[in-house]
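Mind looking over this structure? Questions follow.
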Amino acid sequence: MNEYYAARKTMTDCQIRPSGVTDLTIIDAMQEIPRENFVADLQKPLAYIDEDLPLKFATNSTGRFLIEPATFARLIQLAEIQPGSIVLDIGCATGYSTAVLSRLCSSVVALEEDVTLAKLASDNLAELEIDNAVIVTGPLSKGYSKEGPFDAIIIAGGVEKIDDELLNQLKNGGKLVTVLSANKPGRAVRYLRDNDNFTMISYFDSSVSSLPGFEKSKEFVF
């Protein structure tokens, strides 16, 4: 048995289930995917802590992270992903979120703007023989319209704003989930598309690290 199996079981039993996650497909996926594979060797003992884990690989000066497990699980539960869904995973970093999502849906397009992380993500997915996900590169805030529209868009990090360009990559009935962090604490939210209308519902407080590219423009002050 893998030496981290017990840590994964503790994560699902003591972090994921108590947070209100009842979708067994999510719990099973997070029990199955080896989170320790997606961090640097020195960080493996910390892979299952219940907080954001800064990554040591990123070349982006803003820093990158794996979002805390319970918040990630709650976000993807809000997305109501179905077996036939096509999902856009924005800010996939080293690919952990992509690996979990691949167990829940038909296919995942994973967007990463840090080329070092994108290469690591591709290698990590290949090592786990995940063949229903692809890593693409580009600015996170722009999404990836050429592979859309999507049934669900996951942004596993804090953002200050979501542009229409990204919301319009949802299918009718599609959902985008993230943490709006313009104010403190941040709030986990879900956007639902109904034709050309988008409804946002706020769900729970969450203080998570921010992703680059989603900052509000600074207002000019005389």
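The values are calculated or read from the model by the stated rules, or taken from the named source; none is laboratory data. It should be emphasised that the depicted structure is a prediction, and the values quoted were computed from it without experimental measurement. A quick note on method: Cβ atoms are made from the backbone with ideal geometry, for glycine too, and the neighbour counts reach across all protein chains shown.
Quick one: how many residues across the range 112-126 are in contact with a helix residue (DSSP H, G or I) (Cβ under 7 Å, 6 or more places away or on another chain) and either free of Cβ contacts under 8 Å to residues at least 60 places away in the same chain or within 14 Å of TYR96 (Cβ to Cβ) (or both)?
Count: 4.
Which members of the range 79-122 meet the condition of being part of a loop (DSSP other than H, G, I, E, B) and under 21 Å from GLY63 (Cα atoms)?
GLY91, CYS92, ALA93, THR94, GLY95, GLU113, ASP114
Hey, another quick one. Just one of LYS161, LYS142, LYS184 is loosely packed, with under 15 Cβ neighbours inside 10 Å, among the basic types (Lys, Arg) and in contact (Cβ under 8 Å) with a residue 24 or more places away in the chain; which is it?
Every option except LYS161 fails the conditions.
Of the conditions (1) modelled with pLDDT of 95 or more; (2) not in a loop (DSSP other than H, G, I, E, B), ALA156 clears all except one; give me its number.
Only one criterion is unmet by ALA156, namely (1).
If you don't mind, another one. Pick from the range 6-45 the residues that are more than 16 Å from the chain's Cα centre (by Cα) and among the basic types (Lys, Arg): which of them is farthest from LEU101 (Cα to Cα)?
Out of the qualifying residues, it is LYS44.
Residue-by-condition table, conditions (1) acidic (Asp, Glu); (2) surrounded by fewer than 21 Cβ atoms within 10 Å (Cβ to Cβ); (3) within 21 Å of ILE90 (Cβ to Cβ):
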| position | (1), (2), (3) |
| --- | --- |
| GLY20 | no, yes, no |
| LEU24 | no, yes, no |
| ASP28 | yes, yes, no |
| GLN31 | no, yes, no |
| ALA40 | no, yes, no |
| LEU46 | no, yes, no |
| ILE49 | no, yes, no |
| LEU66 | no, no, yes |
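Here's another thing I want to ask about it. If a residue has to be part of a strand (DSSP E or B), at negative phi and surrounded by fewer than 22 Cβ atoms within 10 Å (Cβ to Cβ) to count, how many in the range 164-174 make the cut?
Within the range 164-174, residues that are part of a strand (DSSP E or B), at negative phi and surrounded by fewer than 22 Cβ atoms within 10 Å (Cβ to Cβ) number 2.
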